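To start, the structure under review is shown below, and the notes come after it.
The values are calculated or read from the model by the stated rules, or taken from the named source; none is laboratory data. Note that the coordinates shown come from a computational prediction; the quantities given were computed from them, not determined experimentally. For neighbour counting, all protein chains shown are included, and Cβ atoms are generated from backbone atoms with ideal geometry for every residue, glycine included.
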Amino acid sequence: MYPGKFLAMNADPERVVIMNSLFNMADTYALATLIDYFDNKSEYKRKDDRTGVQLDNITISYKSIAQDTHSAVSYVHQDNESTLKNYVLKNIQKYIIKDPRITILLRQLQKHGAKTFLLTNSSYYYTNGVMKYLIGDSWTSYFDVTFVDAKKPLWFAQGTALRQVDPATGTPKLGIHHGPATKGQVFAGGNSDVLRNMFMAQGKNVMYIGDHLFGDVLKSKKTKVVPELGQEISIWADRHAHFEKLVSLSKEMEELYSQLGVESEISCKPDIQSNLKQIREITQEMDQSYSKMGSLFRSGSRTTFFATQVERFADLYSSSCYNLIYYPQFYFFRAAMTLMPHESTVDHVSRKMQPKVPSLPSQSPNSSNGWTYCHEEDDAPISEEGVIQLADNSKKSE
């Protein structure tokens, strides 16, 4: 079914469904349980093409099971008056983790001038119940504005009509809201443009924190919450020697092939079967250390699809948003520099050939090309006065 290890997941959306958020855990568990049930039921026979099971003239495809499961989970979750949400609120201590750091974080952000907002697809009824449990009756005072029934990811695009919610009844008021918002107000619907206009903030000055970050929020800062990260770090620390062994085995294979020249015969091809066998064994052992599904971020020496999404879409990622408490508001987070494959070969390539790099003529600060500065791409451009000041400082240091 899969002749290679690479699977173009976006190339066939009808056949491949990506489940990579906390919300998808319900889908994943239900789907795995149902498939296991039909596969092990004696009266059902698995189809030869492994796309489903068959009972007499009835065929049940895995695709239809997945679609029905997703529809059922979505129906239960999106129904604001559902039995599920009422059950959660009645047993809230069992399902919602209460942490006193939530008020510390929010007050700390507000103390340093940050605007805080709550964005959720849930109804006001459910949101109010959860937030009262976490913070108290005055929970709206911890947010400058709250958006319920947001309908993400639509909220990040055209969105829906913005209506103010009446806290007394929990229902949206008639008409569409216009103008600024007062602190603590709750709205239903809206979109990201409404938020930016309320706070007079551009995209890069807005940071979203959540367990699922949508790819279309490209102009804003994003912090992804990955609860499994704590366990991942703990196991990584204990099993790091295995990863070092994988690196060592890979380097051994690289060295064997690097000794070959362009005229080498096929008979000179190195025997790397022992290395490959050890790599497979160590990779399997590492994966089993995490869980039956392996690590969330890594498979052997390679990163997972989830890990690449985190690197691509998230500016920060952490096991909890409360970790921000331990950093000053002006803290500058910066990822470690990573090397591309050709850059990682510089050490041994430079021993073989060291091309001469022609020296460039020196350039006067007063030349026609002017000054060139290396600064953060998000920073505001340097003004003309700033350039003159930098030039003066440079002359003084000569």
*Which one of these does Lys204 not meet: (1) touching a helix residue (DSSP H, G or I) at 6+ places or on another chain (Cβ under 9 Å); (2) outside any strand (DSSP E or B); (3) in contact (Cβ under 8 Å) with a residue 60 or more places away in the chain?*
(1)
*Quick one: Phe187 ticks every box in (1) touching a strand residue (DSSP E or B) at 6+ places or on another chain (Cβ under 9 Å); (2) over 26 Å from Arg107 (Cβ atoms); (3) not aliphatic (A, V, I, L, M) except a single one, so which number is it?*
(2)
*Residues (part of a loop (DSSP other than H, G, I, E, B) and more than 27 Å from Val225 (Cα to Cα)) located in the stretch 13-53*: Glu14, Arg15, Lys41, Ser42, Glu43, Tyr44, Lys47, Asp48, Asp49, Arg50, Thr51
*Name every residue in the stretch 123-152 that is in a loop (DSSP other than H, G, I, E, B) and surrounded by 14 or more Cβ atoms within 10 Å (Cβ to Cβ), in order of residue number.*
Ser123, Ile135, Phe143, Asp144, Asp149, Ala150, Lys151, Lys152
*Exclusive hit being at pLDDT 85 or above, under 24 Å from Glu311 (Cβ atoms), of a type in the set (A, V, I, L, M) and not in a helix (DSSP H, G or I), set Ile279, Ile233, Ile209*: Ile209
_the stretch 98-120 residues that are closer than 28 Å to Leu162 by Cα, paired with ones that are surrounded by 13 or more Cβ atoms within 10 Å (Cβ to Cβ) and of a type in the set (D, E, K, R) (beta carbon under 7 Å, 6 or more apart)_ = Lys115/Asp144; Thr116/Asp144; Phe117/Asp144
*Of all residues in the stretch 216-255, which are closer than 13 Å to Leu296 by Cα and of a type in the set (Asp, Glu)?*
Glu228, Glu232
*Being polar (S, T, N, Q), surrounded by 10 or more Cβ atoms within 10 Å (Cβ to Cβ) and over 14 Å from Val247 (Cα atoms) is the filter here, so list the residues in the stretch 263-277 that pass it.*
Ser264, Ser274
*Just checking, how many residues over the stretch 324-339 are in contact (Cβ under 8 Å) with a residue 60 or more places away in the chain and within 21 Å of the chain's Cα centre (by Cα)?*
2
*Could we say that Tyr125 is touching a residue at least 40 places away in the same chain (Cβ under 8 Å) and of a type in the set (Ser, Thr, Tyr) here?*
yes
